[in-house]
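Remarks on the structure that follows.
The values are calculated or read from the model by the stated rules, or taken from the named source; none is laboratory data. From a predicted model like this one, the values you see are computed outputs, not experimental measurements. When we count neighbours, we look across all protein chains shown, and the Cβ atoms used for this are built from the backbone with ideal geometry, even at glycine. These accessible areas exclude ligands, DNA and RNA; they are computed on the full protein's heavy atoms, side chains included. Shrake-Rupley method; radii C 1.70, N 1.55, O 1.52, S 1.80 Å.
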Amino acid sequence: MSTQLDMERIPQHIAIIMDGNGRWATERGLDRTFGHKEGVETVRRITSECSRLGVKYLTLYTFSTENWNRPAYEIDAIMDLVINFMRMELFSDNNVKFRMVGDFQRLSPSVQKKIRDMEDMTAQYDGLTLVVALSYSSKQELVNVTKQIAQEVKDGKISADDITEDTINSHLWTSFMPDPELLIRTGGELRISNYLLWQIAYSELYFCDTYWPDFSEQDLHKAIQSYQNRQRRFGKTEAQVAASGLNQQIISNNE
(Lines give C-alpha, C1' and ligand atoms only; values in the text may rest on other atoms or scores of the structure.)
Protein backbone atom coordinates (compact mmCIF):
# COMPACT_ATOMS: atom_id res chain seq x y z
CA MET A 1 0.00 0.00 0.00
CA SER A 2 2.89 2.39 0.72
CA THR A 3 5.21 1.28 -2.10
CA GLN A 4 5.14 4.74 -3.71
CA LEU A 5 6.04 6.53 -0.51
CA ASP A 6 9.59 7.53 0.30
CA MET A 7 9.86 5.95 3.74
CA GLU A 8 12.87 8.17 4.47
CA ARG A 9 10.71 11.29 4.13
CA ILE A 10 7.62 10.47 6.18
CA PRO A 11 6.50 13.63 8.04
CA GLN A 12 7.37 13.56 11.71
CA HIS A 13 4.17 15.42 12.62
CA ILE A 14 0.87 15.32 10.70
CA ALA A 15 -2.07 17.47 11.79
CA ILE A 16 -5.57 16.81 10.46
CA ILE A 17 -8.79 18.82 10.39
CA MET A 18 -11.32 16.00 10.33
CA ASP A 19 -14.13 17.73 8.43
CA GLY A 20 -17.27 16.35 6.82
CA ASN A 21 -18.78 14.02 9.44
CA GLY A 22 -22.09 15.86 9.59
CA ARG A 23 -22.42 16.29 5.83
CA TRP A 24 -21.54 12.63 5.31
CA ALA A 25 -24.49 11.64 7.51
CA THR A 26 -26.92 14.24 6.17
CA GLU A 27 -26.35 13.16 2.57
CA ARG A 28 -27.33 9.64 3.63
CA GLY A 29 -30.48 10.77 5.40
CA LEU A 30 -28.97 10.09 8.81
CA ASP A 31 -28.64 12.18 11.94
CA ARG A 32 -25.33 14.07 12.12
CA THR A 33 -24.23 12.00 15.10
CA PHE A 34 -23.95 8.93 12.85
CA GLY A 35 -21.27 10.77 10.89
CA HIS A 36 -19.29 11.35 14.07
CA LYS A 37 -19.58 7.66 14.96
CA GLU A 38 -18.28 6.66 11.55
CA GLY A 39 -15.53 9.26 11.87
CA VAL A 40 -14.26 7.53 15.01
CA GLU A 41 -13.62 4.38 13.00
CA THR A 42 -11.61 6.46 10.54
CA VAL A 43 -9.55 7.79 13.45
CA ARG A 44 -8.71 4.22 14.45
CA ARG A 45 -7.64 3.27 10.92
CA ILE A 46 -5.60 6.41 10.26
CA THR A 47 -3.93 6.26 13.68
CA SER A 48 -2.89 2.67 13.06
CA GLU A 49 -1.58 3.51 9.59
CA CYS A 50 0.38 6.54 10.80
CA SER A 51 1.91 4.35 13.48
CA ARG A 52 2.86 1.76 10.87
CA LEU A 53 4.44 4.41 8.65
CA GLY A 54 6.58 5.79 11.46
CA VAL A 55 4.84 9.13 12.01
CA LYS A 56 5.84 10.45 15.45
CA TYR A 57 2.93 12.83 16.14
CA LEU A 58 -0.63 12.82 14.82
CA THR A 59 -2.75 15.78 15.95
CA LEU A 60 -6.49 15.60 15.29
CA TYR A 61 -8.83 18.59 15.45
CA THR A 62 -11.65 16.90 17.33
CA PHE A 63 -13.72 19.69 18.86
CA SER A 64 -13.16 23.45 18.67
CA THR A 65 -14.24 26.05 21.20
CA GLU A 66 -16.68 27.28 18.54
CA ASN A 67 -18.26 23.81 18.50
CA TRP A 68 -19.67 24.50 21.97
CA ASN A 69 -22.31 26.53 20.09
CA ARG A 70 -23.71 23.39 18.43
CA PRO A 71 -26.92 21.71 19.65
CA ALA A 72 -26.51 20.15 23.09
CA TYR A 73 -27.43 16.65 21.89
CA GLU A 74 -24.65 16.74 19.28
CA ILE A 75 -22.09 17.98 21.82
CA ASP A 76 -23.08 15.19 24.22
CA ALA A 77 -22.82 12.60 21.44
CA ILE A 78 -19.34 13.81 20.46
CA MET A 79 -18.11 13.72 24.07
CA ASP A 80 -19.50 10.21 24.51
CA LEU A 81 -17.65 9.16 21.37
CA VAL A 82 -14.42 10.69 22.69
CA ILE A 83 -14.71 8.60 25.85
CA ASN A 84 -15.63 5.43 23.97
CA PHE A 85 -12.81 5.98 21.48
CA MET A 86 -10.19 5.83 24.18
CA ARG A 87 -10.05 2.04 24.28
CA MET A 88 -6.75 0.74 25.51
CA GLU A 89 -6.24 -1.80 22.72
CA LEU A 90 -5.76 0.91 20.06
CA PHE A 91 -2.89 2.34 22.08
CA SER A 92 -1.35 -0.88 23.40
CA ASP A 93 -1.53 -2.70 20.06
CA ASN A 94 0.17 0.19 18.23
CA ASN A 95 2.53 1.47 20.96
CA VAL A 96 0.64 4.81 20.89
CA LYS A 97 0.85 7.51 23.54
CA PHE A 98 -2.22 9.72 24.16
CA ARG A 99 -2.14 13.48 24.79
CA MET A 100 -4.76 16.21 24.74
CA VAL A 101 -4.41 19.92 23.94
CA GLY A 102 -7.12 22.52 24.52
CA ASP A 103 -9.17 24.17 27.26
CA PHE A 104 -9.25 21.27 29.69
CA GLN A 105 -11.41 23.08 32.25
CA ARG A 106 -14.41 23.39 29.92
CA LEU A 107 -14.76 19.63 29.68
CA SER A 108 -17.05 17.66 31.98
CA PRO A 109 -15.44 15.96 35.01
CA SER A 110 -16.01 12.51 33.46
CA VAL A 111 -14.22 13.49 30.24
CA GLN A 112 -11.40 15.13 32.23
CA LYS A 113 -10.91 11.97 34.27
CA LYS A 114 -10.86 9.73 31.20
CA ILE A 115 -8.26 11.95 29.55
CA ARG A 116 -6.03 11.97 32.64
CA ASP A 117 -6.34 8.19 32.94
CA MET A 118 -5.45 7.62 29.28
CA GLU A 119 -2.46 9.96 29.44
CA ASP A 120 -1.21 8.12 32.53
CA MET A 121 -1.84 4.62 31.15
CA THR A 122 -0.13 5.31 27.82
CA ALA A 123 2.77 7.40 29.12
CA GLN A 124 5.22 4.50 28.75
CA TYR A 125 4.56 4.00 25.02
CA ASP A 126 7.23 5.45 22.75
CA GLY A 127 5.81 5.10 19.24
CA LEU A 128 3.29 7.49 17.74
CA THR A 129 1.84 10.19 20.01
CA LEU A 130 -1.84 10.72 19.22
CA VAL A 131 -2.76 14.29 20.17
CA VAL A 132 -6.45 15.15 20.41
CA ALA A 133 -7.25 18.86 20.08
CA LEU A 134 -10.39 19.04 22.21
CA SER A 135 -12.16 22.29 23.15
CA TYR A 136 -9.31 23.88 21.22
CA SER A 137 -8.91 27.40 19.88
CA SER A 138 -5.63 28.62 18.47
CA LYS A 139 -6.55 32.24 19.16
CA GLN A 140 -7.37 31.41 22.78
CA GLU A 141 -4.12 29.48 23.04
CA LEU A 142 -2.19 32.58 21.95
CA VAL A 143 -4.18 34.78 24.35
CA ASN A 144 -3.24 32.42 27.18
CA VAL A 145 0.41 32.49 26.13
CA THR A 146 0.39 36.30 26.07
CA LYS A 147 -1.11 36.48 29.56
CA GLN A 148 1.41 34.00 30.96
CA ILE A 149 4.40 35.81 29.50
CA ALA A 150 3.05 39.22 30.57
CA GLN A 151 2.71 37.92 34.13
CA GLU A 152 6.26 36.59 34.07
CA VAL A 153 7.52 40.00 32.91
CA LYS A 154 5.47 41.68 35.65
CA ASP A 155 6.94 39.32 38.25
CA GLY A 156 10.45 40.07 37.05
CA LYS A 157 11.11 36.48 35.94
CA ILE A 158 11.98 37.59 32.40
CA SER A 159 12.58 40.86 30.60
CA ALA A 160 10.37 41.96 27.72
CA ASP A 161 13.54 42.26 25.62
CA ASP A 162 14.22 38.57 26.21
CA ILE A 163 10.95 37.39 24.61
CA THR A 164 11.62 35.33 21.47
CA GLU A 165 9.80 32.82 19.32
CA ASP A 166 11.17 30.13 21.62
CA THR A 167 9.55 31.89 24.58
CA ILE A 168 6.17 31.66 22.89
CA ASN A 169 6.77 28.06 21.77
CA SER A 170 7.54 27.00 25.34
CA HIS A 171 4.19 28.35 26.60
CA LEU A 172 1.95 26.79 23.95
CA TRP A 173 -0.32 23.85 24.73
CA THR A 174 1.70 22.03 22.05
CA SER A 175 5.10 22.78 23.58
CA PHE A 176 5.90 19.06 23.97
CA MET A 177 6.03 18.38 20.22
CA PRO A 178 7.47 19.87 17.00
CA ASP A 179 5.36 21.92 14.60
CA PRO A 180 3.46 19.95 11.93
CA GLU A 181 5.20 19.40 8.63
CA LEU A 182 1.90 18.48 6.97
CA LEU A 183 -1.63 19.75 7.64
CA ILE A 184 -4.48 17.83 6.01
CA ARG A 185 -8.07 19.06 5.82
CA THR A 186 -10.80 16.74 4.58
CA GLY A 187 -14.32 17.67 3.49
CA GLY A 188 -13.61 20.15 0.70
CA GLU A 189 -13.37 23.37 2.72
CA LEU A 190 -10.35 25.61 2.09
CA ARG A 191 -9.72 27.22 5.45
CA ILE A 192 -7.78 26.59 8.67
CA SER A 193 -10.64 27.20 11.14
CA ASN A 194 -8.62 28.52 14.08
CA TYR A 195 -6.33 25.48 14.20
CA LEU A 196 -2.62 25.63 15.16
CA LEU A 197 -2.24 29.10 13.64
CA TRP A 198 1.21 29.72 15.14
CA GLN A 199 2.43 26.17 14.65
CA ILE A 200 1.62 25.85 10.91
CA ALA A 201 3.56 28.93 9.79
CA TYR A 202 5.65 26.73 7.47
CA SER A 203 3.55 23.57 7.31
CA GLU A 204 2.64 22.12 3.92
CA LEU A 205 -1.16 22.29 3.44
CA TYR A 206 -3.21 19.57 1.75
CA PHE A 207 -6.95 19.84 1.08
CA CYS A 208 -9.17 17.08 -0.27
CA ASP A 209 -12.91 16.76 -0.98
CA THR A 210 -13.27 13.41 0.76
CA TYR A 211 -15.43 13.52 3.88
CA TRP A 212 -13.60 12.29 6.98
CA PRO A 213 -15.64 9.07 7.39
CA ASP A 214 -14.54 8.04 3.88
CA PHE A 215 -10.89 9.10 4.30
CA SER A 216 -8.83 5.96 3.70
CA GLU A 217 -5.27 4.84 4.17
CA GLN A 218 -4.77 5.43 0.44
CA ASP A 219 -6.02 9.01 0.85
CA LEU A 220 -3.45 9.46 3.61
CA HIS A 221 -0.75 8.15 1.28
CA LYS A 222 -1.82 10.65 -1.42
CA ALA A 223 -1.44 13.50 1.07
CA ILE A 224 2.02 12.29 2.11
CA GLN A 225 3.02 11.83 -1.55
CA SER A 226 1.97 15.42 -2.23
CA TYR A 227 4.11 16.53 0.72
CA GLN A 228 7.08 14.53 -0.54
CA ASN A 229 6.82 16.10 -4.00
CA ARG A 230 7.20 19.62 -2.63
CA GLN A 231 10.36 21.56 -1.88
CA ARG A 232 10.28 23.09 1.59
CA ARG A 233 12.14 26.40 1.25
CA PHE A 234 11.47 28.22 4.56
CA GLY A 235 11.84 31.63 2.88
CA LYS A 236 14.88 30.69 0.80
CA THR A 237 15.02 30.47 -2.99
CA GLU A 238 15.04 27.15 -4.82
CA ALA A 239 18.70 27.68 -5.68
CA GLN A 240 19.61 28.33 -2.05
CA VAL A 241 17.84 25.19 -0.94
CA ALA A 242 19.59 23.12 -3.59
CA ALA A 243 22.97 24.59 -2.66
CA SER A 244 22.58 24.21 1.09
CA GLY A 245 20.98 20.78 1.07
CA LEU A 246 18.33 22.15 3.46
CA ASN A 247 15.80 19.45 2.67
CA GLN A 248 18.35 16.74 3.38
CA GLN A 249 19.14 18.37 6.70
CA ILE A 250 15.45 18.42 7.64
CA ILE A 251 15.15 14.74 6.79
CA SER A 252 18.12 13.89 8.98
CA ASN A 253 16.69 15.89 11.88
CA ASN A 254 13.42 13.98 11.62
CA GLU A 255 14.99 10.52 11.74
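Condition check ((1) in a loop (DSSP other than H, G, I, E, B); (2) more than 15 Å from the chain's Cα centre (by Cα); (3) at pLDDT below 95; (4) farther than 18 Å from Thr59 by Cα) across all residues:
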| residue | (1), (2), (3), (4) |
| --- | --- |
| Gly156 | yes, yes, no, yes |
| Asp161 | no, yes, no, yes |
| Thr167 | no, yes, no, yes |
| Leu196 | yes, no, no, no |
| Ala201 | yes, no, no, no |
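Would you mind stating whether Leu196 is open to solvent by less than 20 Å² (accessible area, probe 1.4 Å), within 12 Å of Ala15 (Cβ to Cβ) and touching a Pro at 6+ places or on another chain (Cβ under 7 Å)?
Details: open to solvent by less than 20 Å² (accessible area, probe 1.4 Å): yes; within 12 Å of Ala15 (Cβ to Cβ): yes; touching a Pro at 6+ places or on another chain (Cβ under 7 Å): yes.
Considered against the rule, which asks whether it is open to solvent by less than 20 Å² (accessible area, probe 1.4 Å), within 12 Å of Ala15 (Cβ to Cβ) and touching a Pro at 6+ places or on another chain (Cβ under 7 Å), Leu196 comes out as yes.
Within the stretch 133-148, count every residue that is in a helix (DSSP H, G or I), in contact with a helix residue (DSSP H, G or I) (Cβ under 6 Å, 6 or more places away or on another chain) and open to solvent by less than 10 Å² (accessible area, probe 1.4 Å).
Residues that pass the stated criteria total 1.
Please work out which residue is surrounded by the fewest Cβ atoms within 10 Å (Cβ to Cβ), limiting yourself to the stretch 64-100 and to residues that are of a type in the set (Ser, Thr, Tyr) and in contact (Cβ under 8 Å) with a residue 40 or more places away in the chain. Please lay out each step first, then the result.
Taking the stretch 64-100 and keeping what is of a type in the set (Ser, Thr, Tyr), we get 64-65, 73, 92.
Now restrict to residues that are in contact (Cβ under 8 Å) with a residue 40 or more places away in the chain: 64-65, 73.
On the way: Ser64: 21, Thr65: 18, Tyr73: 11.
Per the criteria, the residue is Tyr73.
Results for (1) among the hydrophobic types (A, V, I, L, M, F, W, C); (2) closer than 26 Å to Phe34 by Cβ, shown as yes or no for each residue.
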site	(1), (2)
Asn84	no, yes
Arg87	no, yes
Ser92	no, no
Gly102	no, yes
Ser110	no, yes
Lys114	no, yes
Met118	yes, yes
Met121	yes, no
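Going through the stretch 1-32 one residue at a time, which ones are assigned to a helix (DSSP H, G or I) and either open to solvent by less than 30 Å² (accessible area, probe 1.4 Å) or among the hydrophobic types (A, V, I, L, M, F, W, C) (or both)? Please lay out each step first, then the result.
Within the stretch 1-32, the subset assigned to a helix (DSSP H, G or I) is 7-9, 21-26, 32.
Those that are assigned to a helix (DSSP H, G or I) and either open to solvent by less than 30 Å² (accessible area, probe 1.4 Å) or among the hydrophobic types (A, V, I, L, M, F, W, C) (or both): Met7, Asn21, Gly22, Trp24, Ala25.
Which residue out of Glu181, Glu152 is under 30 Å from His221 (Cα atoms) and surrounded by 15 or more Cβ atoms within 10 Å (Cβ to Cβ)?
Numbers: Glu152 fails: under 30 Å from His221 (Cα atoms).
Result: Glu181 is the single residue among Glu181, Glu152 that is under 30 Å from His221 (Cα atoms) and surrounded by 15 or more Cβ atoms within 10 Å (Cβ to Cβ).
Which members of the stretch 52-76 meet the condition of being of a type outside the set (A, V, I, L, M, F, W, C) and over 14 Å from the mean Cα position of the chain (by Cα)? Before the answer, list the steps.
Of the residues in the stretch 52-76, the ones of a type outside the set (A, V, I, L, M, F, W, C) are 52, 54, 56-57, 59, 61-62, 64-67, 69-71, 73-74, 76.
Passing the criteria: Arg52, Gly54, Thr65, Glu66, Asn67, Asn69, Arg70, Pro71, Tyr73, Glu74, Asp76.
Find the residue count for the stretch 161-172, including only residues that are open to solvent by 60 Å² or more (accessible area, probe 1.4 Å) and either polar (S, T, N, Q) or more than 18 Å from Ser203 (Cα to Cα) (or both). Outline the logic, then answer.
Filtering the stretch 161-172 for residues open to solvent by 60 Å² or more (accessible area, probe 1.4 Å) gives 161-166, 170.
Now drop any that are not either polar (S, T, N, Q) or more than 18 Å from Ser203 (Cα to Cα) (or both), which leaves 161-164, 170.
The total comes to 5.
Are there any pairs, at least 6 apart or on different chains, whose C-beta atoms fall under 6 Å, with the first in the stretch 191-207 and in contact (Cβ under 8 Å) with a residue 60 or more places away in the chain and the second assigned to a strand (DSSP E or B) and of a type outside the set (A, V, I, L, M, F, W, C), and if so, which?
Tyr195/Tyr61
Name the pairs whose Cβ atoms lie under 8 Å apart, with the first residue in the stretch 136-153 and at pLDDT 95 or above, the second in a helix (DSSP H, G or I) and surrounded by fewer than 15 Cβ atoms within 10 Å (Cβ to Cβ), and 6 or more positions between them or separate chains?
Ser137/Glu66; Ile149/Thr167; Val153/Ala160
Residue-wise test of (1) buried (at least 16 other Cβ atoms within 10 Å of the Cβ); (2) out of contact with any Ser or Thr (no Cβ under 7 Å at 6 or more places or on another chain); (3) part of a helix (DSSP H, G or I).
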| position | (1), (2), (3) |
| --- | --- |
| Val111 | yes, yes, yes |
| Arg116 | no, yes, yes |
| Ala123 | no, yes, no |
| Val131 | yes, no, no |
| Gly187 | yes, yes, no |
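Are there any pairs with C-beta distances below 7 angstrom linking a residue in the stretch 157-172 that is under 14 Å from Val145 (Cβ atoms) to a residue that is acidic (Asp, Glu) and modelled with pLDDT of 95 or more, with the two at least 6 apart or on different chains, and if so which?
Filtered contacts from the stretch 157-172: Ile158/Glu152; Leu172/Glu141.
Write out, first by first residue and then by second, each pair whose Cβ atoms fall under 8 Å of each other, whose residues are 6+ apart or on separate chains, and whose first residue, in the stretch 33-47, is open to solvent by 10 Å² or more (accessible area, probe 1.4 Å) while the second is assigned to a helix (DSSP H, G or I) and of a type in the set (Asp, Glu).
Once the first residue is open to solvent by 10 Å² or more (accessible area, probe 1.4 Å) and sits in the stretch 33-47, its partners that are assigned to a helix (DSSP H, G or I) and of a type in the set (Asp, Glu) give Thr33/Glu74; His36/Glu74; Arg45/Glu217.
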